[in-house]
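Have a look at the structure below, then the notes.
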Amino acid sequence: MAGRIVLFGATGYTGDLTARALVERGARPVLAARSEARVRALAEELGGLDWELADVERPDSVRALVQRGDVLISTVGPFARWGQPAVQAAIGAGAHYLDSTGEGAFIREVFERHGGGAQAAGCGLLTAFGYDWVPGNLAGALALRDAGEAATRVEVGYFAPGAGAGSMSGGTRASSASVMLSRGFAWRGGRIVDQRAGRRGRSFELRPGKHARGVSVSGSEHFALPRVHPSLRDVDVFLGWFGPASEPLRAMSAAIEPVLKIPGARGGLQSLFGRLVTGSTGGPDAAARAGSRSLVLAEAFDAGDTRLATVRLEGINFYDLTANLLAWGAETALAGGLQGTGALGPVDGFGLDALERGCADAGIARV
Ligand SMILES: NC(=O)c1ccc[n+]([C@@H]2O[C@H](COP(=O)([O-])OP(=O)(O)OC[C@H]3O[C@@H](n4cnc5c(N)ncnc54)[C@H](OP(=O)(O)O)[C@@H]3O)[C@@H](O)[C@H]2O)c1
């Protein structure tokens, strides 16, 4: 039997958008979720798709979703809480895997803990294959290619012009809470080091004369870009969504750091936030999404801090972009377009030229 695309989390906000993006591209994914009534209704609405029931609290039900040759997409998050069963199911079956996480701690687990198992199983793991953090990988790799061998540092900034209150889904809010409390990391001096979210801040020029600040976060760029540019010593990624709240947010992150070092405090606060900020509450409608856009900048520097290259990508809003990227990535992986096994970044996974075409197809391109 030819492989299938299985979408786990289809009834969530991002899952629903991804199911529609897949169908729009002509695919017929198998929809999987925990609520029979809701997954059945969605499968019927989208043209009589196959559907399955699976719940992360019953890992057997997740394992039963996939077999070798399939591609599993998971949009079940927060991934720190709900992410493991899907990635383990994919490795167990030897199926390629993509997810929608933006959470650094989960990304680090995929690269550091699951890559070897996936390599042995002959499958590829593409974590964080949405707005977080595909465009930064593309922009960073293009800037490094433009800059050439002399580049030793790359910095990426993510912005969302037009995004305001109400532009986040419940799932994004729940995951953001878990990101602020988790251990972050960066690529520094040629290796991954611990670095809390908000440790660094900087300003980017969005357009001539218009600057905006970003707050450092942990993405997949830190793991993936050094693979395609071996002389890279430092990688930083900045989120520029917070406007004037950026510096207060950094101060708060610094203030909370000693508290998180108290034994048990991090886990306790994470579980408190998990109860207070829940997902599965929907997200912005099509009109609200259309009001925001994606803007991603990358700058490459040499060892003397001279900026050698700048790349700017512009595109559609981050939710439709995420759904389109997941749909493109899964279809391409199913068609044999993956260039390797194990934990892969977007560039080493698909190749820079194919990724640039895929991103343009999904709605974001170099300007
Ligand atoms: N990388 C990016 O740029 C990007 C973009 C969008 C979203 N995201 C991330 O993707 C994740 C989903 O976001 P969202 O907006 O779609 O949130 P959401 O609407 O809360 O979706 C969460 C999904 O997880 C499912 N789920 C929760 N517990 C489950 C369980 N025990 N078994 C099976 N399924 C379970 C929910 O099922 P029900 O439908 O039954 O509640 C729902 O389908 C979040 O982590 C978010 O941060 C990232």
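Overview of results
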read-out: Among Ala21, Ala287, Ala303: highest mean-square fluctuation, GNM of the chain, C-alpha pairs under 10 Å; value: Ala287
read-out: Label point distance in nm, Ala265-Lys210, each placed 7 Å from Cα along Cα→Cβ; value: 4.0
read-out: Length-normalised contact order of segment 242-367 in % [C-alpha pairs under 8 Å, at least 6 apart]; value: 20
read-out: Amide H partners (placed H, <5 Å) of Arg199, local residues excluded; value: Ser216
read-out: Kirkwood hydrodynamic radius over Cα pairs of segment 179-317, then Stokes diffusion coefficient at 37 °C and 0.692 mPa s, in µm²/s; value: 189
read-out: Order of His211, His229, His96 under a 10 Å beta carbon neighbour criterion, fewest first; value: His211, His229, His96
read-out: R0 of 30 Å, Cβ-Cβ distance Glu24-Ala120: FRET efficiency to nearest 0.05; value: 0.25
read-out: Overall form of segment 82-170 per C-alpha gyration tensor (a/c, 1.5; a/b vs b/c); value: oblate
read-out: Cleavage-rule hits, GluC sites (Glu not before Pro), segment 102-204, DSSP coil, Cβ neighbours within 10 Å at most 14; value: Glu149
read-out: For segment 17-61, diffusion coefficient by Stokes-Einstein and Kirkwood Rh (Cα), 25 °C, 0.890 mPa s, µm²/s; value: 226
read-out: Descending semi-axes in Å of segment 284-341, equivalent ellipsoid built from Cα gyration tensor; value: 28, 23, 6
read-out: Fewest-first ranking of Glu45, Glu221, using other Cβ atoms within 10 Å as the exposure measure; value: Glu45, Glu221
read-out: Sites Ala286 and Asp60, calculated FRET efficiency, Cβ-Cβ separation with R0 35 Å, nearest 0.05; value: 0.40
read-out: Semi-axes of the equivalent ellipsoid for the chain, Cα gyration tensor, largest first, Å; value: 30, 23, 21
read-out: P(r) of segment 5-161 over all Cα-Cα pairs, binned every 10 Å from zero, in whole percent; value: 11, 36, 33, 15, 4, 1
read-out: Computed [θ] at 222 nm, helices only, for the chain once each DSSP H run of length n ≥ 4 contributes -39500 (n - 2.57); value: -12000 deg cm²/dmol
read-out: Distance in nm between pseudo-label sites at Ala41 and Ala335 (7 Å out along the Cβ direction from Cα); value: 3.4
read-out: Label-to-label distance, nm, for residues given as Thr306 and Asp50 (7 Å Cα→Cβ offset); value: 5.8
read-out: Amide H contacts under 5 Å for Val237, placed H, 5+ residues apart; value: Val156, Val217
read-out: Additional length obtainable on full extension of the chain from Asp361 to Glu257, 0.36 nm per residue less Cα span; value: 33.3 nm
read-out: Derived scalar couplings ³J(HN,Hα) [segment 312-322; Karplus, 6.51 cos²θ - 1.76 cosθ + 1.60; whole Hz; x for Gly, Pro]; value: 10, 10, 10, x, 6, 4, 5, 6, 5, 4, 4
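Bear in mind these aren't lab numbers, they're just calculated from the coordinates by the rules spelled out. Please read all numbers here as calculations on a predicted model, not as lab measurements. Glycine also receives a Cβ, built like all others from the backbone with ideal geometry; neighbour counts cover every protein chain displayed.
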